[in-house]
Amino acid sequence: MAHVAVAPPKPLSADLLTRVAALLGKEIVDTRLLLAGEMPRIIASYPDADAANAMARSLRDAGLAAFACGDAELRNRVAGFRAHSARPGEREVIFSDRQGAEVRVKADDAFLIIRGRIKSITPGKTSPAKMKLNVPATVLTGGIPVVRRVTGKSAPESFQAEDFVKIYDSRSSDPRVEIVQDHVDYSFLGPGLAPSALANFNILVAKLREWFPLAIFDERLTGHFKTDGPAAGAWDALEVQCQLIYLSHARG
């Protein structure tokens, strides 16, 4: 299967909306919904790449930033190098993982830096009901034990949010380096070390901007997002969205 994705235009003119609706064979109202939002998104799917590429060309000719991509290209991704620390070198940055392995990214080699936020919910838990001695009833029965069922206490849902960064070069949509907020040793920040992981992560992001001044910096995934197509979980959906963002910058 192959998909056609677009970067929603701002603003969306009535003329462009009409042309795109005609190409897709959809109603105006449905096409407007497809082209809404900030994120690149899939607007059509085809059984083969030729049909997807043909539609992408037609949409580009109509004035839309469109590109074709295969389903495997979106979903079968190679995991990036998970960095635990970083240090600048001579016109490069050296990233290290927990085992001491290193990846070096040259200052002019970073094409795109995506910053995002993964949000998760931990369901509330209810402890099992317990049997407790009913003292007043036991007294009234002359000492024959009477027990009652006590409902277990319930804990509310908890919400977590964790920021991440993915660094890409222009040769592949697989990230060279991934950095996750709570999986970093921030001691390399030295005197600038802050008391919280999020504050330290923000400092690190500022340093990435400084270390890679030519890279495109995209932080749209720090807000709410939706992705097209089924996914097994939050990280899977987010990976699809990262691929669409990369491809929109590389091909759009």
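The values are calculated or read from the model by the stated rules, or taken from the named source; none is laboratory data. Keep in mind the model is a prediction, meaning the values are calculated, not measured. So basically every Cβ, Gly included, is an ideal-geometry build from the backbone, and we count neighbours across all protein chains shown.
So which of Val78, Val29, Val20 ends up being of a type in the set (Val, Ile, Thr) and within 21 Å of the chain's Cα centre (by Cα)?
Of Val78, Val29, Val20, the one residue that is of a type in the set (Val, Ile, Thr) and within 21 Å of the chain's Cα centre (by Cα) is Val78.
Candidates in region 74-96 are the residues that are at pLDDT 95 or above and assigned to a loop (DSSP other than H, G, I, E, B); of these, the one that is surrounded by the most Cβ atoms within 10 Å (Cβ to Cβ) is Ala83. Of all residues in region 204-220, those satisfying the criterion of being surrounded by 15 or more Cβ atoms within 10 Å (Cβ to Cβ) and either small (Gly, Ala, Ser) or modelled with pLDDT of 95 or more (or both) are Leu204, Val205, Lys207, Leu208, Trp211, Phe212, Ala215, Ile216, Phe217, Asp218.
Take the conditions outside any helix (DSSP H, G or I), surrounded by 13 or more Cβ atoms within 10 Å (Cβ to Cβ) and at pLDDT below 95 and apply them to Leu12. Does it pass? Let's see the steps before the verdict.
Details: outside any helix (DSSP H, G or I): yes; surrounded by 13 or more Cβ atoms within 10 Å (Cβ to Cβ): yes; at pLDDT below 95: yes.
For Leu12, the condition - outside any helix (DSSP H, G or I), surrounded by 13 or more Cβ atoms within 10 Å (Cβ to Cβ) and at pLDDT below 95 - is met.
Say we look at region 180-202 and pick out the residues that are of a type in the set (A, V, I, L, M) and exposed (fewer than 15 other Cβ atoms within 10 Å of the Cβ); which of these is nearest to Ala161 (Cα to Cα)?
Of all residues in region 180-202, those of a type in the set (A, V, I, L, M) come to 180, 184, 189, 193-194, 197-199.
Subset that is exposed (fewer than 15 other Cβ atoms within 10 Å of the Cβ): 193-194, 198-199.
Numbers: Leu193: 21, Ala194: 19, Leu198: 10, Ala199: 14 Å.
Out of the qualifying residues, it is Leu198.
Of the residues that sit in region 15-49 and are in contact with a Ser or Thr (Cβ under 6 Å, 6 or more places away or on another chain) and crowded, with 20+ Cβ neighbours inside 10 Å, which one is nearest to Glu73 (Cα to Cα)? In this case the residue turns out to be Pro40. Hey, among Arg60, Arg77, Arg87, which residue is touching a helix residue (DSSP H, G or I) at 6+ places or on another chain (Cβ under 6 Å) and over 17 Å from Leu204 (Cα atoms)? Among Arg60, Arg77, Arg87, only Arg77 is touching a helix residue (DSSP H, G or I) at 6+ places or on another chain (Cβ under 6 Å) and over 17 Å from Leu204 (Cα atoms).
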